[in-house]
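K.L.:
This is the structure I have questions about; it appears just below.
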Amino acid sequence: MGRDHRDLDELWARVVATPATDREGRRPRFAAFRTGLLAHIAEEEEHLFPVLDETDPALRKLAARLLDEHREIRGILDQIDRAFSSGSGEIEALGLELVNVLGEHNAREEGFVYPWLDGHLSADQVRDVQRRLDRGERE
Ligand SMILES: [Fe+2]
Ligand SMILES: [Fe+2]
């Protein structure tokens with residue numbers, strides 16, 4: 001999942017590398033990033049966070065916070081998408097907001113959640129999660 005973050009960072013870098021004046025060039029790159037990020041957070045919500053929740057009730061608060069952040073991230077992605085449609089000039093500011101929220105969120109996941117899951121899941125559970133993730137990626 002950490003590799004997903006890296007791949008998504010790269011997709012975002014391609015959006016930013018396209019000049020803001022080249023709206024037609026930027027839009028499909030943003031669409032690719034948005035699709036990839038939405039798929040990533042959907043996988044986490046479906047397969048990873050429930051495990052975090054079930055395994056240790058003390059982690060429910062953390063899971064709730066990560067879900068809140070996902071909601072916020074989806075909201076900003078929608079706002080950017082709307083800004084592309086309406087031609088409003090908010091894209092730069094929204095992009096910065098997204099990078100801030102996503103940066104903190106990903107650091108929380110990579111610094112704690114992913115290692116915790118690695119350490120606390122049985123080999124069977126890891127295989128099960130991996131199987132479902134692999135299946136999800138092919139769908
Ligand atoms: Fe996430
Ligand atoms: Fe993530």
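K.L.:
Based on Cα positions only, what radius of gyration and what Dmax would you give for the chain, in angstroms?
P.N.:
When restricted to the Cα atoms of the chain, Rg and Dmax are 16.4, 51 Å.
K.L.:
Relative contact order for the chain using alpha-carbon pairs under 8 Å, separation at least 6, rounded to a whole percent?
P.N.:
Value for the chain: 23 percent.
Any read-out appearing in this document is the output of simple, stated calculations on the displayed coordinates, not a laboratory observation. Keep in mind the model is a prediction, meaning the values are calculated, not measured.
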